[in-house]
Structure formats: structure tokens, C-alpha cells
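Asker: Got a structure for you, questions after.
What follows is calculated from the coordinates using simple rules that are stated; it is not laboratory data. These figures come from a predicted structure and were not determined experimentally. FYI the Cβ positions are ideal-geometry reconstructions off the backbone, even for glycines, and counts take in every protein chain you see.
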Amino acid sequence: MDSKKPYTPPRLMVPHSKSDSERAHKRGKVSPAYTTVVDNTRMFVDVSESFCELVGYKRAELIGTRYDHLTAENTTDIPATSNLFSKLGYMHGLWVLLHRTGYRILIRYESWARQDTHIESHIEVVQDFRGLGFFRS
């Protein structure tokens, strides 16, 4: 991955409220609703407050833990996905997160390698299954 130029993400992301969208329009950019940053060992080094609320954990509980902890069983082969990402430096797709209570949250993500070797992800929720009585781990 050292020989590849890091991916530069697009600047237009999904806003998480109309007021955010209006403010972003005035500034000329839109912020992602949920953001995470992990190191090359898959440990969280930064998470947005909105991401903490989404998964039901405090920021201090997530920093230093592996994102595997929030991945629903049988979602994907995490080591294989990590290896593929390290070759490409960029990935996007669907993933299933676990809320603290065990409910599953289907997300769409876009992740890229930053120059500091951390991996930044911008996330949007596709379906939140809390309260629906199924898809519980």
C-alpha cells in the first residue's frame, strides 16, 4: 500500500438533518452522518458522537477497541476484508453493526486509507432493526 496514493474521498456526503444540510450548503460542503477512524489493527482511534449514539456506546468505551466487537456474526470474513482493503486502499459496501443491546443495524460505508495510515469511514444507516423483534444476535 505504500506505493499507492491514498484515496481522496468525495466532499459531498449525506447530511443527518435539514438544518445541517442548510448550514453545510452555506459552507459549501456536507458532513457525513457517522464517522469512524481505525488504525491498521482495526482499533478505533476516533468516532463521531453520532456514531456513539448509533451503536449505544460512549466514545471512551469505543476508543481502543476493535471494530470487530461491533460486527454482527457471519457478516463477513473480517481478516479477508482487511487484507483486501490493505491491497486496494479503498472499499465501500454494506456491513451489519451490533448495537450495545444486540440489535443489528445495516449500514452502507465508504472507507479509505489516509496518509497517516489510519482508515477513515463515512457511514449511513440503511436499516435499523431496533424494536422490530427480529435480527437480534
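Asker: Post the alpha-carbon centroid distance, the range 38-97 to the range 99-129, in whole angstrom.
Answerer: Cα centroid to Cα centroid, the span is 6 Å.
Asker: Computed FRET efficiency, Cβ-Cβ of His69 and Tyr90, R0 25 Å: what is it to the nearest 0.05?
Answerer: My answer for the efficiency is 0.60.
Asker: Note down the magnitude of the dipole of the range 18-128 about its Cα centre, charges +1 on Lys and Arg C-beta and -1 on Asp and Glu C-beta and zero elsewhere, to the nearest 20 debye.
Answerer: 280 debye
Asker: Still on this structure: Between beta-carbons, use under 12 Å as the cut-off and find the net charge around Trp95, counting Lys and Arg +1, Asp and Glu -1.
Answerer: Spelling it out: positives minus negatives among the neighbours equals -1.
Asker: Cα convex hull of the range 18-128: mean projected area in nm², to one decimal?
Answerer: Values: hull surface 30.2 nm².
The directionally averaged projection comes out at 7.5 nm².
Asker: Could I ask something else about it? Tell me the net charge near His118. Cut-off is 9 Å between Cβ atoms, His118 excluded, with +1 for each Lys or Arg and -1 for each Asp or Glu.
Answerer: Summing Lys and Arg as +1 and Asp and Glu as -1 gives -3.
Asker: Something else: Among Gly102, Thr81, Ile63, which residue has its Cα furthest toward the positive end of the charge dipole of the range 28-121, with +1 on Lys/Arg Cβ and -1 on Asp/Glu Cβ?
Answerer: Gly102
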